[in-house]
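The numbers here are math on the coordinates, done by the rules we state, and not lab data. Since the model is a prediction, treat every value here as computed from it, not as a measurement. Heads up, the Cβs are rebuilt from the backbone with ideal geometry, glycines too, and the neighbour counts pull from every protein chain shown.
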Amino acid sequence: MDTKNGYRVYLDMDGVLADFVKGACKAHGTTLEFILPNWEPGVWDMTLAMNIPHSQFWREIDKLAAHFWERLEPTPFFNDIVKLVKELSDDWYVLTSPTLRIPSYTGKVWWLRKHFGGSFDRFHITPYKHLFAGPGVLLIDDREKNVNEFVQAGGDGLLFPSYLNKLYEYKDDPVDHLREILGMEKNDAPKST
């Protein structure tokens, strides 16, 4: 893959750049350490580990409105994944799904501008990520469903390792795992293939 020449890269926000799980735990007055014993690795739905219905899960987040999204902490890999994406392409964007509530759009924009600068506009907010797929287009996302739909629509996809997906064994070093898949050495520029 000749990554620097001609590839467009879309990077997911929640779970890749922003620590959604930690924020959701905080919104529910709990911690990841507390729910982890009930959470099977590779299972996307954290409501199962919390033993609550989806409606209750989202109700607590929705109470915080846009502030929930704006106040999410960056993931520990934020800087490394941004560096990797910039090494892959000058043509990159954040592609993030909103919830059904309008404040998620506002909060996500606030978060992006807080962490990338006040004039940052390299993002798209849509639940239809697969519509951005095509030849020479890569999606890096932690949700298997999003990656699979993107690939089926004609793009390339890389699953970002997470406790919530099948690559959970690489969750502590996800960026190095992606570098390995891409044929890049740690902290080196991409190799042309």
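A few notes on this one:
- The label point for L48 and the one for E169, both projected 7 Å from the Cα toward the Cβ, are 2.0 nm apart.
- Cβ-Cβ FRET estimate between E180 and D121, R0 fixed at 41 Å, reported to 0.05: 0.80
- Under Karplus coefficients 6.51, -1.76 and 1.60, residue-wise ³J(HN,Hα) of the stretch 126-142 in Hz, glycine/proline x: 6, x, 9, 4, 4, 5, 8, 6, x, x, x, 10, 10, 10, 10, 8, 8
- Phi-based couplings in Hz for the stretch 31-48 (Karplus 6.51, -1.76, 1.60; Gly and Pro marked x): 10, 4, 4, 6, 8, 4, x, 9, 10, 6, x, x, 8, 5, 7, 6, 5, 5
- Computing log10 I(q)/I(0) by the Debye sum over Cα atoms at q = 0.07 Å⁻¹ for the structure here picks out one of [x] -0.30; [y] -0.19; [z] -0.17, namely [y].
- Pairs of Cα atoms nearer than 8 Å and 6+ residues apart set the relative contact order; for the stretch 22-70 it is 36 percent.
- Amide H contacts of N165 (H built 1.01 Å from N, in plane; Pro and chain starts excluded): G42 sit under 5 Å, all sequence-distant by 5 or more or on other chains.
- Percent antiparallel among DSSP beta bridges (both partners in the chain, rounded to 5): 5
- Proximal charge balance of A133 [Cβ under 11 Å; K/R count +1, D/E count -1]: 0
- Per-residue Cβ neighbour rank within 10 angstrom, fewest leading, D156, D45: D45, D156
- Rounded to 10°, Cα long-axis angle of helix 54-63 versus longest principal axis of the chain: 90
- Efficiency of FRET from Cβ geometry, W110 and E60, R₀ 25 Å, rounded to 0.05: 0.80
- Pairwise label distance in nanometres, L32 with L131, each label 7 Å out on the Cα-Cβ vector: 3.2
- For the chain, the 222 nm mean residue ellipticity estimated from helices alone, with every DSSP H stretch of n ≥ 4 adding -39500 (n - 2.57) and the total spread over all residues, rounds to -10500 deg cm²/dmol.
- Relative exposure of L100, L48, L84, judged by other C-beta atoms within 10 Å (fewest first): L100, L48, L84
- Amide proton proximity set for G157, modelled H, under 5 Å, gap of 5+: L139
- Cα-projected label distance for I102 with F78, points at 7 Å along beta-carbon direction, nm: 2.8
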